[in-house]
Each structure stands twice: as C-alpha cells, then as structure tokens.
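The values are calculated or read from the model by the stated rules, or taken from the named source; none is laboratory data. Fair warning: this is a prediction, and the values are worked out from it, not measured in the lab. Cβ: placed from backbone, ideal geometry, glycine included. Neighbour counts: every protein chain shown. Please note that ligands, DNA and RNA were not included when accessible areas were found on the heavy atoms of the full protein model with its side chains. Shrake-Rupley method; radii C 1.70, N 1.55, O 1.52, S 1.80 Å.
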Amino acid sequence: MEHTRRNRIVDLLKSKSYGSEVLVKGWVRTKRGNKNINFIALNDGSVVHHIQVVVEVAAYPEDLLKLITTGSCIAVKGILVESVGQEQHVEIQAREIEVYGTADAESYPLQKKGHSLEFLREIAHLRPRTNTFGAVLRIRHAMAFAIHQYFNDQGFYYLHAPIITGSDAEGAGAMFRVSTLDDKNPPLLPGGHVDYSQDFFGKETKLTVSGQLEAELGAMALSLVYTFGPTFRAENSNTPRHLAEFWMIEPEMAFYDIHDDMDLAEDFLKYLIRYALGHCLDDLEFLNKMYDNELISRLKQVVDEKFERLTYTEAVEILKASGQTWEYPVDWGTDLQAEHERYLVEKHFGRPVILTGYPKDIKAFYMKMNEDGKTVRAMDVLFPKIGEIIGGSQREENLEALMKRIHEMNIPEKDVWWYLDTRKFGTAPHAGFGLGFERLILFVTGMANIRDVIPFPRTPKNAEF
Ligand code: 4AD
Ligand code: MG
C-alpha cells in the first residue's frame, strides 16, 4: 500500500465527506458476514467506537481474508460512505487491505468479549486493546492534560521534584530503598549495619513518598508551584484504593492560608470533572452504560454542589451519634477510615466533604498548629465512593514552632536542615495539598479498583509488566 496519511477513526466517525478516499489502520475487534460480504469492526484507540469496514469477498484472495481475525492489525484503504446500519452513520467500502499482524484465534486472549477485570489484570500487556481500558486510558490522558492546563492558567509553575530522595522526613509511608551496593555482600559498619557512605549517593536513599517538601522550596521563590510525578509507598495495603506506585499532584502556594487552600482544592477538582464531562463524554457514556449507571449524574452533582466543610471534631461527633457499627471504632484522636469517610459523604451529607482541624498526633510534623494546641490546620477532601481524594494543610512557617514539632516527633535535624532554612530566610505563610491522580481517575471513570485505572499497577507481589 502506498504511503498516505492515516485517518483517525475518531475523525472519520464525525465526518460527512462521503465518497472520499480514506486510509485507516487499527486492530480488528470482530469480523462477521457471509460468503459474499464481510463486515470488520476496526478500532485504532482514538475513540471507543469502531468503524465498520465492508469487504466484498470476491475482490480479495481467500488467503488474505482468512488472516483477518479478532486481534489482528490491518490497514484499509477505501471509500467513506453513508451507512444504512443502525449502529453508525458512516462506514468504509474497502478497496485495498494489508495485514500487518495476525492474531491466532486459538491463543489470542481477547478472542471473546466480556472478560472479567480480574482476568484482564493478568494480561495487563494486552488490556489496552479492550473498550474499557481504551476509555480509561483516554480519560487518564485528558485529566493529566487538564491538570497542567488548570495550573498554567492560574499562574502556577510546574516543578519537578526528585524521585530519588535522601530524606524520609515526610513520614507519609514506608519507603523503597534505592541502592547499587552488592546485595549479597554489602560493606558493613563495625556494628553490623550497612555502610551507605559507600553507596552510589554516599548516603542511604529511597524512592520519594511525596514531592511536597521540595515543592515548598519552590513556592518560597516562585510563589505558586505544583509537582506532578510518581510517588512510592511500600505499605502492604492491599485495598482497592492503594497502589505502591501512584502519581500525585502537589500544588504549593506562598501566601495561602488553610481557607485559600480549601478553595483551590474545591475549584481544581470541579474544573477537572467539568473538563472530563466536556471532553470525554463518549468514554464516560460507555463506562456509565457498562459499569456504573450513576457515573455521569454523580460527576454532574459534584460539579454543581458546594463541598461541605466541617472540623474533624464535628465529624467524630456525627459518626459517634450515627448508630452505625464500624469495623474500626471512632473516637476523638483516631484516624478516620474509609468507612467513616464514606458514611459522612454518602449517607450523612450526600456531597463531597472537606474536613479540617485534625488532631496533631495523626498528622505530619509540618502542619500548622491551631490555637488550641491540639489540632492542626490540615484538610482532607472526601469524595463519594473514594473517601480521601486530597490531603493537604497550611504549613508551619514559624521556625520555633516547627523546631518544637520536629523534636517532639524525633525527626533528626540533620535530615531537614535545608527545609528549616526556608523558615530561617524569608519565611512566609503557605499551604498546599496532594491529589492522588489514580483516586481522581477512579472517581471520574467510576471504576471500582485502583488497579484498573493505571496502565501497569504496582501492588504487593505484583510487578510483572
Ligand atoms: O494524604 P497524603 O499522604 O499527603 C501527602 O503526601 C502530602 N505530602 C500532600 C501535600 O500536602 N502536598 O497523600 C495525598 C493523596 C491522598 O489524599 C490520596 O489521594 C493519594 O495521595 N494517596 C494514594 N493514592 C494511591 N495509593 C496510595 N497508596 C496513596 N496514598 C495516598
Ligand atoms: Mg492523607
């Protein structure tokens, strides 16, 4: 086939250029028909819908058409015509067909439709070929793009936080070690500990759990920054909402207090969901039909409603008075579990909730203390079906108060001297938050398991692909 530019199926399905010659390339989803005529449903990943290719059997060598089976990859040159079928308004009358790659019908794992999501996780290398993962991956892309669009429009600068870090001060979770030492025979110190001074970086290094501390350094110069990168947590939490490798968006804003922080978080989330409704409707309609028939109405509702704001203390009172039986009992001072968060959002308020004023003992060292000396200016945004989607806070900008917290929490000063420098030199009130990207995608797609919204999930005992 001579070299011509490929038409994307998404464009052809919207086209009215009947009679024009087009070239499509993609993967066969189904082939059906009779001895005179074949119908091929072709998909190129540009849209959830397939284009129908009509093939006159007599015009092609029998051997060629036999190679065209579910999963095979072909190029078709033909004429775009108005379709008489119910399903589509255009189709292609094939003139020339080239087979790029066959897919043996006996062994192609996606030969049949309707595989379970669990099965598809075991073939993560092929699942982008399904309608479901095509939709999820396109939405994921659109959300990443919208995040950069939003912050760029608001005057934020994208700051690249490091992935390898020598600091574990954040305390957000257990960390993965990064080392080039000989794992069978590492150099040891007299006490038997590994001598990391001989390691690649001359010290013990880990994969980052968060880019926040570095984002704070950026905000103390550029005022408005955000990070958007992979973060790693080595906890053994096998839940539908936890990954060991996930992407996080962390805006950090000089001169913002906790209220500005909440306003930004609410506006940001609404912008992203509105963006999805405006740009991904085909995919959302597909997911709404196949998985969750309340998806689109839930997205619209979140965009329209004011998030409920209350303190942790008020929330605990509501939970205790609820008469519910909990797997984890609630009492002032304990961390809230997903069951409590979802009760507040789904049952009590029926809308997203922002909780503030958490007990200092269950939150990180950098959060600004409230006047009561017991609670900190933290805020968590809780979403229906998800629970916590955002965690953030106003930061302690006062050097003395911060030092007090660091000592109380036994954080070695030598590990955070660079962070403390921002409080010594030109400190400023500031705040920020972290949005878990996959939790956002869970919410927007209506999928139930976080393993199904990232191309290659990293979870305990799972890093095959
Ligand atoms: O609440 P977290 O731990 O907050 C931080 O890391 C702060 N440094 C953020 C900041 O203020 N800049 O994590 C933030 C968000 C959570 O609300 C959740 O959405 C997501 O990251 N998250 C996870 N997502 C998937 N898998 C995990 N294991 C996650 N842990 C946190
Ligand atoms: Mg949190």
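Listed values, structure above:
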{"quantity": "Test: residue in the stretch 402-416 that is on the phi > 0 side of the Ramachandran plot and either part of a loop (DSSP other than H, G, I, E, B) or out of contact with any helix residue (DSSP H, G or I) (no Cβ under 8 Å at 6 or more places or on another chain) (or both)", "calculated": "yes"}
{"quantity": "Test for GLY155: is it at pLDDT 95 or above and at positive phi", "calculated": "yes"}
{"quantity": "Residue check, HIS148 modelled with pLDDT of 95 or more and part of a loop (DSSP other than H, G, I, E, B)", "calculated": "no"}
{"quantity": "Scan of the stretch 418-442 for residues that are within 16 Å of ligand 2 (Cβ to nearest atom), part of a strand (DSSP E or B) and either out of contact with any Ser or Thr (no Cβ under 7 Å at 6 or more places or on another chain) or farther than 30 Å from TYR291 by Cα (or both), ordered by number", "calculated": "ALA431, GLY432, PHE433, LEU435, GLY436"}
{"quantity": "Set PHE425, PHE456, PHE465: member being within 25 Å of the chain's Cα centre (by Cα) and more than 15 Å from ligand 1 (Cβ to nearest atom)", "calculated": "PHE465"}
{"quantity": "Per-region count, the stretch 59-77, residues open to solvent by 30 Å² or more (accessible area, probe 1.4 Å) and farther than 12 Å from GLU98 by Cβ", "calculated": "6"}
{"quantity": "Residue in the stretch 386-395 that is surrounded by fewer than 20 Cβ atoms within 10 Å (Cβ to Cβ) and assigned to a helix (DSSP H, G or I) present", "calculated": "no"}
{"quantity": "Filter result (under 17 Å from ILE450 (Cβ atoms), crowded, with 19+ Cβ neighbours inside 10 Å and not β-branched (Val, Ile, Thr)) within the stretch 108-136", "calculated": "LEU120, ARG127, PHE133, ALA135"}
{"quantity": "So LEU189, is it in the same structural domain as ASP260 (by TED's automatic domain parsing), out of contact with any Leu (no Cβ under 7 Å at 6 or more places or on another chain) and either within 24 Å of ALA428 (Cβ to Cβ) or surrounded by fewer than 14 Cβ atoms within 10 Å (Cβ to Cβ) (or both)", "calculated": "no"}
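Residues checked against (1) assigned by TED's automatic domain parsing to the domain that holds GLY387; (2) hydroxyl-bearing (Ser, Thr, Tyr); (3) farther than 21 Å from LYS374 by Cα; (4) within 28 Å of the chain's Cα centre (by Cα):
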{"position": "ILE296", "(1), (2), (3), (4)": "yes, no, yes, yes"}
{"position": "VAL302", "(1), (2), (3), (4)": "yes, no, yes, yes"}
{"position": "LEU336", "(1), (2), (3), (4)": "yes, no, no, yes"}
{"position": "GLU339", "(1), (2), (3), (4)": "yes, no, yes, yes"}
{"position": "TYR343", "(1), (2), (3), (4)": "yes, yes, yes, yes"}
{"position": "PHE349", "(1), (2), (3), (4)": "yes, no, yes, yes"}
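Okay, residues lined up against (1) open to solvent by 60 Å² or more (accessible area, probe 1.4 Å); (2) among the basic types (Lys, Arg); (3) in contact with a Leu (Cβ under 8 Å, 6 or more places away or on another chain):
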{"position": "PHE145", "(1), (2), (3)": "yes, no, no"}
{"position": "HIS160", "(1), (2), (3)": "yes, no, no"}
{"position": "THR165", "(1), (2), (3)": "no, no, yes"}
{"position": "ALA172", "(1), (2), (3)": "no, no, no"}
{"position": "THR180", "(1), (2), (3)": "yes, no, no"}
{"position": "ASN185", "(1), (2), (3)": "yes, no, no"}
{"position": "VAL194", "(1), (2), (3)": "no, no, yes"}
